[in-house]
C-alpha cells in the first residue's frame with residue numbers, strides 16, 4: 001500500500017528505492033508545511049552577536065565584511081531578508097531612522113563597534129574630514145608613487161611654465177593626476193585648506 005503524505009495534503013508519496021529501508025513520511029518539500037519555523041526578531045539576532053568590551057565599544061561578533069564592518073541579515077516588513085551593516089542597524093534601533101544619503105560614522109574608529117554612543121550621522125565629506133583630522137587615512141605600502149615634496153615641486157615647476165605632459169612623464173603619473181595636484185585636489189596641505197574648501 002502506498003504511503004500518504006503526513007502534511008495533510010492527502011497525496012500519495014511517490015515510491016523510491018530507499019523507502020524500503022526508511023519509509024517516507026512526506027512528499028519532498030511538504031515537511032515545511034507542518035514544521036513550525038520560528039523566526040527570531042532582528043533585535044534578538046543583533047544582540048546575540050554583540051560583545052561589550054572594556055573600552056566601551058560593543059564589538060560585533062557576527063560576520064565581518066572584508067572592509068572591516070559587521071554585517072547582518074535584517075528581515076524587512078515585507079518579510080524579505082536584506083544585508084545591512086551592523087552599526088547602521090544599531091543606530092536605527094537605538095536612535096531612529098537614518099536620513100537618506102547620510103552615513104553612520106564611528107567616533108571610536110573601531111569598525112566592528114555597534115555602540116550607539118560611539119556613532120554619529122554625517123555626510124561622506126564629514127567622514128573623510130574626521131579621518132583626516134585623526135590621521136586615519138593612510139596609503140597602502142607600494143601604492144604611493146610620489147612624496148609630498150614631489151607634489152610641491154610639481155606645483156613649483158608648473159608655475160615656472162613646465163607643461164603638464166612633461167611633468168606627467170617625469171614623475172610617471174597621468175596628466176589628470178598632475179592637474180589634480182596643481183589644483184590642490186590631491187596632496188593637500190594645511191596652508192591651502194582654504195583653497196580646498198573653496199573647491200579649487
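Observations, loosely collected:
- In nm, spacing of pseudo-spin labels at residue 16 and residue 185 (7 Å Cα→C-beta vector): 6.1 nm
- For region 39-105 and region 10-31, distance of Cα centres in Å: 42 Å
- Exposure proxy shown here: for 49, 88, the number of other Cβ atoms within 10 Å sets the order, fewest to most, as 49, 88.
- Most mobile of 61, 22, 177 in a GNM of the chain (Cα contacts under 10 Å): 22
- A Gaussian network model of the chain, with springs between Cα atoms under 10 Å, assigns the largest mean-square fluctuation among 184, 103, 91 to 184.
- Whole-Å semi-axes of the chain's equivalent ellipsoid (Cα gyration tensor): 58, 24, 15
- Prolate/oblate/rounded label for region 1-109 (Cα gyration tensor, a/c 1.5): prolate
- Helix-only [θ]222 nm of the chain, DSSP H runs n ≥ 4, -39500 (n - 2.57) each, per residue, nearest 500: -8500 deg cm²/dmol
- Using 0.36 nm per residue and subtracting the Cα-Cα separation, the extra length available between residue 169 and residue 65 on full extension is 33.6 nm.
- Distance between the 7 Å Cα→Cβ label points at residue 81 and residue 156: 6.0 nm.
- Remark: 54, 130, 165 ranked as 54, 165, 130, counting other beta-carbon atoms within 10 Å and listing the fewest first.
- With a Förster radius of 35 Å applied to the beta-carbon distance between residue 39 and residue 100, the computed FRET efficiency rounds to 0.80.
- GNM result for the chain, Cα springs below 10 Å: residue of 26, 120, 89 fluctuating most strongly: 26
Every read-out reported here was derived from the displayed coordinates using simple, explicitly stated rules and does not represent laboratory data. Model, not experiment: these values are computed from the prediction. Counting neighbours? That spans all protein chains shown, and the Cβs are built from the backbone with ideal geometry, glycine included.
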